[in-house]
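Here's the structure we're looking at; comments come further down.
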Amino acid sequence: FSLQEIHIKEPIEKEVNPHLLPGELLLCEASTVYKYMQEDGSNRGTYGKLVCTNFKISFLDDDSASDDNEPEFKNKIVGENDITLQCVDQIYGVYDEKKKLLTGQLRKYPERLIIYCKDLRVFNFCLRYTKEEEVKRIVSGIVHHSQTPKLLKRLFLFSYASAAPNSTDGRNQTVMFDTLEDWRDELERTKGNVKYKAVTTNEGYRVSEKLPLYFVVPICISEESILKYEGRGIPIWCWSCHNGAALLKMAAFPKEQDDSTSQMQKAFLDGIYKTISKPPYELLKVDDLSSSLPSLQDIQTAYTRFKQLFLIDNSTDFWATDVKWFSLLESTNWLEIIRRVLKKAIEVAECLERQHTNVLLIEETATDLCCVISSLVQVMMDSYSRTKSGFQSLIQKEWIIGGHSFLDRCNHLHKSEKEEAPVFLLLLNCVWQLVQQYPPAFEFTETYLTVLSDSLYVPVFSTFFFNSQHQRDTSTSGESLKTQSGPVRFLTVWDWSVQFDPKAQAFLNNPFYAEKPKPDKSQRKTARFK
């Protein structure tokens, strides 16, 4: 197409500068970049400047400078035309109408740049009217900073934490589960303290770096048992039902072992099971999630297929997929996985509630599908987990302190795609299904779930950027990270005021939330499990 065909918004005369956060540095920029408006397949768009910093890629047009068209729901950190480096999924260059995936070094520079984001946005930039030198700088800069392997300490998280003033108080009603008191309070809240105790065995991480500093186990389990196999084969408490039945999780022993080791471990496990299973009073159901649910590999494959349906950059592809949208959606298998996970959670809930049976979930490390199922069971059975602060405390307990490997599963450092799997996103999808089905039961909205999933890629908060509590602790105590006022303090994502002002935060709360009335003791006998 020629320039005349484009509905031109004149190139910018006035200088527009990016809004930089503390610790954020401008790395490269290019002017007279043309950004296409995606929606209608025409070549309409707007001219502006494309910049890349150590935190984000940003497109600035003359609208960026004015505050007239501020959206009602505005994020203070990441604007509509901003893509954090962590949020970049794939980058394509267009050469003579052919699309090519851009990764390492480039020999030839494209005339168009298409950026697919992990939050399913697609950006389309035309570089034909940009100076060649600037094209080289911006394209290689964007590819390098968003696609090549990084060291943990090079994450923007650390630059921000060292430069930002420690003014916010991240405690806002969310229980962080990083102290013994938090666990004891949770035991008391769920009446689990009759049969379970919080232990300090892992202080100084002497049992395992994978386990949190504090956790809860059955009262009769000794410190020697916990230390014996670095915490493997130990039932760790998640939650107790009002009838005393508990939900537990356990990291399995490795499958390939020699016979004598296997025998010792089997004898050890038999001893452990006897402490929980005391028929007819105390029953135990063991569920090995690695055999009863899809593998992480299946989940990753399904989600990758699902994602392709949304990452569309031209109207031809759009209409081609639109015709068979439902069958394409079904063939990704993503919704089937969501269905299987919800079904499993219901099964576990019925065991606890109806059959008064303890349930022990087993998985290789107990930090992936165990987190999904235990969280869903609590969301279904415990009305506190359906409030905003209760849900946040649940994520803190089961995922952040529980040791889900966010860094690896989200592949934040571009280290290895083998470890990548959207496990946390799977949970949010399942919760979204429940929010759709029972809107008044939740204090938060689908907007809240969307913002939470977007926050996975915002390295201003430490919440989703470590594999374990141990990794977070050792990262904050490093010598290089001392600021004038002491060791660095990371922000937590639960402090929503960092991203949204009060007016925008209102969108996270459900105005129709109907708090569950406390059950009347005399009627509990007849109430049917629902």
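The values are calculated or read from the model by the stated rules, or taken from the named source; none is laboratory data. The model shown is predicted, which means the values in this text are computed figures rather than measured ones. Cβ coordinates were reconstructed from backbone atoms using ideal geometry, including for glycine residues, and neighbour counts include every protein chain displayed. Heads up: the accessible areas ignore ligands, DNA and RNA and are worked out on the full protein's heavy atoms, side chains in. Shrake-Rupley method; radii C 1.70, N 1.55, O 1.52, S 1.80 Å.
Scan region 390-399 and give yes if some residue there is over 22 Å from residue 84 (Cα atoms), of a type in the set (D, E, K, R) and in the same structural domain as residue 469 (by the TED database), otherwise no. Even if it seems obvious, please write down each step before you answer.
Taking region 390-399 first, the residues over 22 Å from residue 84 (Cα atoms) are 390-399.
Next, from what is left, pick out any that are of a type in the set (D, E, K, R): 397-398.
Adding the requirement that they be in the same structural domain as residue 469 (by the TED database) leaves 397-398.
Yes, region 390-399 contains at least one residue that is over 22 Å from residue 84 (Cα atoms), of a type in the set (D, E, K, R) and in the same structural domain as residue 469 (by the TED database).
Can you name the residue in region 202-211 that is touching a residue at least 60 places away in the same chain (Cβ under 8 Å) and surrounded by fewer than 21 Cβ atoms within 10 Å (Cβ to Cβ) and, of all such residues, is nearest to residue 368 (Cα to Cα)? Don't jump to the end; show me each part of the working.
Filtering region 202-211 down to residues touching a residue at least 60 places away in the same chain (Cβ under 8 Å) leaves 205, 209-211.
From what's left, surrounded by fewer than 21 Cβ atoms within 10 Å (Cβ to Cβ): 205, 209.
Values: 205: 21, 209: 17 Å.
Selected residue: 209.
For residues that are of a type in the set (Ser, Thr, Tyr) and in contact (Cβ under 8 Å) with a residue 24 or more places away in the chain, scanning just region 437-467, find the one that is most open to solvent (accessible area, probe 1.4 Å).
Taking region 437-467 and keeping what is of a type in the set (Ser, Thr, Tyr), we get 438, 445, 447-448, 450, 453, 455, 457, 462-463.
From what's left, in contact (Cβ under 8 Å) with a residue 24 or more places away in the chain: 445, 447-448, 453, 455, 457, 462-463.
On the way: 445: 25, 447: 44, 448: 0, 453: 24, 455: 1, 457: 22, 462: 10, 463: 4 Å².
Among them, the one singled out is 447.
Output the residue which, of all residues in region 186-201 that are in a helix (DSSP H, G or I) and in contact (Cβ under 8 Å) with a residue 12 or more places away in the chain, is most open to solvent (accessible area, probe 1.4 Å). Walk me through how you get there before you give the answer.
Initially, region 186-201 is screened for residues in a helix (DSSP H, G or I), giving 186-189, 192-194.
Filter once more, keeping what is in contact (Cβ under 8 Å) with a residue 12 or more places away in the chain: 186-187, 189, 192, 194.
Details: 186: 15, 187: 5, 189: 88, 192: 3, 194: 109 Å².
Going through the qualifying residues, I end up with 194.
Examine region 417-436 for a residue that is touching a Leu at 6+ places or on another chain (Cβ under 7 Å) and open to solvent by 20 Å² or more (accessible area, probe 1.4 Å), and state whether such a residue exists.
yes
Can you tell me how many residues within region 364-400 are over 19 Å from residue 468 (Cβ atoms), in contact with a helix residue (DSSP H, G or I) (Cβ under 8 Å, 6 or more places away or on another chain) and either among the hydroxyl-bearing types (Ser, Thr, Tyr) or open to solvent by less than 10 Å² (accessible area, probe 1.4 Å) (or both)?
10
Hand me the list of helices (runs of 4 or more DSSP H) wholly inside region 308-415 holding 3 or more residues that are over 30 Å from residue 176 (Cβ atoms). Please lay out each step first, then the result.
Values: elements: 315-323, 325-332, 334-353, 369-381, 388-395, 406-409.
Result: 315-323, 325-332, 334-353.
So if I check each of 446, 420, which one is farther than 21 Å from residue 285 by Cβ and either outside the structural domain of residue 209 (by the TED database) or touching a Lys or Arg at 6+ places or on another chain (Cβ under 7 Å) (or both)?
On the way: 446 fails: either outside the structural domain of residue 209 (by the TED database) or touching a Lys or Arg at 6+ places or on another chain (Cβ under 7 Å) (or both).
Criteria check complete, one pass: 420.
Just to check your reading of the model, which residue among 254, 235 is at pLDDT 95 or above and out of contact with any His (no Cβ under 6 Å at 6 or more places or on another chain)?
Details: 254 fails: at pLDDT 95 or above.
When all the criteria are applied, what remains is 235.
One residue is enough: does region 212-223 have a residue meeting the conditions closer than 21 Å to residue 400 by Cβ, assigned to a helix (DSSP H, G or I) and in the same structural domain as residue 411 (by the TED database)? First the steps, then the outcome.
At the first step, the residues of region 212-223 found to be closer than 21 Å to residue 400 by Cβ are 212-217.
Checking the rest, the ones that are also assigned to a helix (DSSP H, G or I) come to none.
No, region 212-223 contains no residue that is closer than 21 Å to residue 400 by Cβ, assigned to a helix (DSSP H, G or I) and in the same structural domain as residue 411 (by the TED database).
May I ask you to verify whether residue 118 is at pLDDT 95 or above, out of contact with any Gly (no Cβ under 7 Å at 6 or more places or on another chain), surrounded by fewer than 17 Cβ atoms within 10 Å (Cβ to Cβ) and not assigned by the TED database to the domain that holds residue 412?
On the way: at pLDDT 95 or above: yes; out of contact with any Gly (no Cβ under 7 Å at 6 or more places or on another chain): yes; surrounded by fewer than 17 Cβ atoms within 10 Å (Cβ to Cβ): no; not assigned by the TED database to the domain that holds residue 412: yes.
So residue 118 fails the test.
Looking at region 327-338, can you tell me whether even one residue there is aliphatic (A, V, I, L, M) and open to solvent by 40 Å² or more (accessible area, probe 1.4 Å)? Even if it seems obvious, please write down each step before you answer.
Here is the first cut: in region 327-338, the residues aliphatic (A, V, I, L, M) are 328-329, 335, 337-338.
From what is left, the residues that are open to solvent by 40 Å² or more (accessible area, probe 1.4 Å) are 328, 335.
Yes; the residues of region 327-338 include at least one that is aliphatic (A, V, I, L, M) and open to solvent by 40 Å² or more (accessible area, probe 1.4 Å).
Can we say residue 72 is at pLDDT below 95, charged (D, E, K, R) and in contact with a helix residue (DSSP H, G or I) (Cβ under 8 Å, 6 or more places away or on another chain)?
Yes.
List the number of the failed condition for residue 154; all other conditions in (1) open to solvent by 60 Å² or more (accessible area, probe 1.4 Å); (2) in contact with a Leu (Cβ under 6 Å, 6 or more places away or on another chain) hold.
(2)
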